[in-house]
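Have a look at the structure below, then the notes.
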Amino acid sequence: MWHLLEPLHALHYYAPEAFEEAAALGYGVEERWPAYFAWRAAPLGAAGTVRVASAFYSFSPAMVGRYVPAAWEVAAPGDVLAARLRAADRTLRAVLGDGGGAGGPAASPGLAEAAGLARRAAEAADTAGRPLAAAHAELPWADEPHLVLWQAATLLREHRGDGHLAALLGAGLDPAEALVSFAAIGAAPEAVFASRGWTAEEWAAARDRLAVRGLVDADGGATPAGRELRAGVERRTDELAAAPWAALGEDATARLAELLGGPWLAAIGSGLLPADNTLGIGKV
């Protein structure tokens, strides 16, 4: 379900409509990070560097500090959330089709059914110990089905992400080590992970720490023990993400997966999402 829903959520970080909305708020759009930190952190309120770095985990705190709390000097979190929903609306209408002017994606019965099922799963997500999921759970739901689907996908991915951080902590992987170990199993080239802001020295130090534990070899690739550890992290992540789907039920979950096929293909086929990414979509 993560593989099906994540591309729908992630369009928001790459779509021209989102950059336009960010620019209208006053954010620089020469790179995607000023808007990214604003979009993703806004549900937390005007959070500072420490809280955002904690919730985002794999970003270098120094990188977070370049954008937070300065993001809230550009626009208040409430204004960012309103613009975020406008951006999601415009993006999904562009990617999923405008329905010939007959209401756009919101007019599709299949999408409306998918939105209802996804919302049921999202509302069943447990938020204890999950700060980003809890923040999203407090946001009001939109009326249009395509936006409900996007909100549900976003809440569910942050719920999964919060659980993933717990799995990383349980495996003894600090933020930099989490990325180095992920790159080591081939989730994406190391250069892709440079976007998280760690210096070459910090990356090398993290790799040295993993080498001492026998998790990477001299070339930085994962050893059998390193692959086993990462596989355990992914298993634990899935286990911690399972409750919403158990609540929805096997048949309804299967129906949602069927309904998401078309939107998933549209999202992947949009050309907006990078083939190599730090999430490991299609790789893990």
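For the range 1-68 and the range 246-277, what is the separation of their C-alpha centers, rounded to whole Å?
Spelled out, the Cα-based centre of one part sits 22 Å from the other.
Once you list every other residue whose beta carbon is under 12 Å from the beta carbon of G116, what net charge do they have if Lys and Arg are +1 and Asp and Glu are -1?
With Lys, Arg at +1 and Asp, Glu at -1, the neighbours total +1.
For the range 176-222, what is the largest minus smallest coordinate of the Cα atoms on each principal axis, given in angstrom and ordered from greatest to least?
Principal-axis extents of the Cα atoms in the range 176-222, largest first: 26, 20, 16 Å.
Arrange the residues I268, I185 by how much accessible surface each exposes, largest first, with a 1.4 angstrom probe.
I268, I185
Where the convex hull is taken over the Cα atoms of the range 150-196, what is its projected area averaged over directions, in nm²?
3.8
Among P69, P61, P109, which one moves the most in a GNM of the chain with springs linking Cα atoms closer than 10 Å?
Evaluated over the chain, the most mobile residue of the options is P109.
Can you give me the accessible area per residue for the chain, using a 1.4 Å probe, in Å²?
42
For W2, what is the net charge nearby, where nearby means another residue's Cβ is under 11 Å from its Cβ and Lys, Arg count +1, Asp, Glu -1?
Residues close to W2 contribute a combined charge of -1.
Rank L117, L44, A257 by how far each Cα sits towards the positive end of the charge dipole of the chain (+1 on Lys, Arg Cβ; -1 on Asp, Glu Cβ) and give me just the farthest.
L44
Just read off the accessible area of S60 with the full protein assembly in place, 1.4 Å probe, to the nearest 10 Å².
Answer for S60: close to 0 Å² accessible.
Please tell me the relative contact order of the range 127-230 in percent, rounded to the nearest whole number, where contacts are Cα pairs under 8 Å and at least six residues apart.
Result for the range 127-230 is 21 percent.
Hey, how much of the P(r) for the chain falls beyond 23 Å, as a percent of Cα pairs? All intermediate terms of the calculation are to be shown ahead of the outcome.
Working: 22173 of 40186 pairs.
Roughly 55 percent, rounded to a whole number.
What is the magnitude of the charge dipole of the chain about its Cα centre, with +1 placed on the Cβ of each Lys and Arg, -1 on the Cβ of each Asp and Glu, and no other charges, expressed in debye to the nearest 20?
In debye, rounded to 20, the chain gives about 240.
Quick one: which residues, 5 or more positions from V216 or on another chain, have an amide H under 5 Å from its amide H? H modelled 1.01 Å from N in the peptide plane, none for Pro or chain starts.
A211, T223
Within a Cβ distance under 15 Å of P131, other residues only, what is the Lys/Arg minus Asp/Glu net charge?
Summing Lys and Arg as +1 and Asp and Glu as -1 gives +1.
Just to compare against my own numbers: the Cα pair-distance distribution for the range 9-95, 5 Å bins, whole % per bin, please.
Per 5 Å bin, starting at zero, the Cα-Cα P(r) for the range 9-95 comes out as 3, 16, 29, 23, 19, 7, 2, 0 percent.
The values are calculated or read from the model by the stated rules, or taken from the named source; none is laboratory data. On a predicted model such as this, the values are computed, not experimentally measured, just so you know. Every residue, glycine as well, gets a Cβ built from its backbone with ideal geometry; the counts of neighbours run over all protein chains shown. For accessibility, only protein heavy atoms count, side chains too; no ligands or nucleic acids. Shrake-Rupley method; radii C 1.70, N 1.55, O 1.52, S 1.80 Å.
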